[in-house]
Amino acid sequence: MTRIQNYFNGVADKIASASLIASTAQHRPDIGANRENIIRDFLHHHLPRRLFATLGGQIISHDGRESGQVDVIVSNDLGVRFDENEKTFVTAESVAGAITVKSTLNQTTLVDALTNLSTIPEPSIEAFSFKILKPGAAEAFLECHPSLYLFAYDGINGETCLAYVKDFYINHPEIPVRRYPKGIIVNRKYIIRFFRNETCTSTGCTISKDTFYLMPLEESLHGYPFVQLLNDLSSYADWLNHMDVSIHHYFNSGFGLNNA
């Protein structure tokens, strides 16, 4: 195996071991918090320096929409911060990614996670732009970002999970595909990827546009989902040098000055 492959396979093993230690906490809320910390710390050690991960908060839009409580939020370095409280909130235009963390993935926790991710408001082109890029850049950006993920330390088998995911979105056609998770990871077992464009796998299998695809993880690929997660989040940083953010929409709305 290559150095990178060994490295991320080791990351998967380390996270699994850290989860076992986290489970020794006496109170269930502490177990959950410890496991969220593990993912936050992984991101802290690997994200580009213009992105950072925080625990527990809500994502808000300038027109008053708010997400549910998100376990881990990855933000850029452009947005105004609201960190006076332990559970912060983050503007939608500041969010590079959001991750829901589950100890064990089953139908109930899966539905809870997918529902939670669907509440995240989309960034508004009134509050950000790419002034020096070609027209249509903002729309292209929104097709890819933010990156939404579900991470679980253990859970149901991949085929069952994939069936539950498909059923959930069939039953919730109101959820736009932009609020589908790019990846559902059960550590060292499988990753379910959502493909926005038709794709051909390394084995010659064609994956249709807007399709969930199950990839079981043999031992040599245990670290692969972390590469995908970091790739999706890191690609956001490519846009930052061209992004203009206008926070005054939030302040005007917050103080009832929409027409000012």
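No lab work stands behind these numbers, since they all come straight from the coordinates. This structure is a prediction, so every number in the text was calculated from the model and none was measured. Positions of Cβ are generated from backbone atoms using ideal geometry, with glycine treated the same way; all protein chains shown enter the neighbour counts.
Counting charges near PRO176 (Lys, Arg +1; Asp, Glu -1) among other residues having Cβ under 13 Å from its Cβ returns a value of -1.
Check the straight Cα-Cα distances from LYS102 and name the lysines below 30 Å, setting aside those fewer than 8 residues away within the same chain. Counting by Cα, and skipping residues close in sequence, LYS102 has these lysines nearby: LYS14, LYS87, LYS166, LYS182, LYS189, LYS209. Loop-located trypsin sites (Lys or Arg not before Pro) across the range 37-96 with a Cβ neighbour count of 12 or fewer within 10 Å are ARG49, LYS87, with loop assigned by DSSP. Over all pairs of different C-alpha atoms, the range 106-172 has a mean inverse distance whose reciprocal, the Kirkwood radius, equals 14.5 Å.
In a fully extended conformation the segment linking ASN231 and LYS131 would gain 33.5 nm over its present Cα-Cα distance, using 0.36 nm per residue. Distances between placed amide hydrogens fall under 5 Å for ALA98 paired with VAL74, SER147, LEU148, TYR149, all partners being 5 or more residues away or on another chain.
Projected label points at SER220 and LYS14, each 7 Å from Cα along the beta carbon direction, are separated by 2.3 nanometres. Would you mind getting the Kirkwood hydrodynamic radius of the range 1-138 from its Cα pairs, rounded to one decimal in Å? Answer for the range 1-138: a Kirkwood hydrodynamic radius of 16.8 Å.
A simple spin-label model places pseudo-atoms 7 Å from Cα toward Cβ; at SER23 and ASP210 they are separated by 3.9 nm.
Which whole-number percent is the relative contact order of the range 1-99 (Cα, under 8 Å, 6+ apart)?
Across the range 1-99, relative contact order equals 20 percent.
Helical content of the chain, expressed as a calculated mean residue ellipticity at 222 nm, amounts to -11500 deg cm²/dmol (DSSP H runs of 4 or more residues, -39,500 (n - 2.57) each, divided by residue number, nearest 500).
Could you compute the net charge surrounding ASN231? Neighbours are other residues with a C-beta less than 14 Å from the C-beta of ASN231; K and R count +1, D and E count -1.
0
Fewest-first ordering of ILE125, ILE73 by other beta carbons within 10 Å of each residue's beta carbon gives ILE125, ILE73. Residues whose amide H comes within less than 5 Å of that of GLY56, counting only those at least five positions distant or on another chain, are VAL72, ILE73 (H built at 1.01 Å from N in the peptide plane). Once both labels are positioned 7 Å from their Cα atoms along Cα-to-Cβ, the gap between LEU257 and THR2 label points is 5.2 nm.
Taking GluC sites (Glu not before Pro) as exposed when DSSP calls them loop (any state but H, G, I, E, B) and at most 13 other Cβ atoms lie within 10 Å, what is the longest stretch of the chain free of them, the sites themselves excluded? Result for the longest clean stretch: 1-83.
P(r) tail for the range 140-189: Cα pairs beyond 17 Å make up 44% of the total.
Is any helix in the chain, taking whole DSSP H runs, at least 18 angstrom long along its axis by alpha carbon and on average at least -0.5 on the Kyte-Doolittle scale, and which ones?
3-22, 158-171, 224-237
By other beta-carbon atoms within 10 Å, ranking LEU229, LEU142 with the fewest at the front produces LEU142, LEU229. Length, then width, then depth: along the principal axes, the Cα atoms of the range 3-254 run 50, 47, 42 Å. Of all beta bridges that DSSP places with both ends in the chain, some 60 percent have antiparallel geometry.
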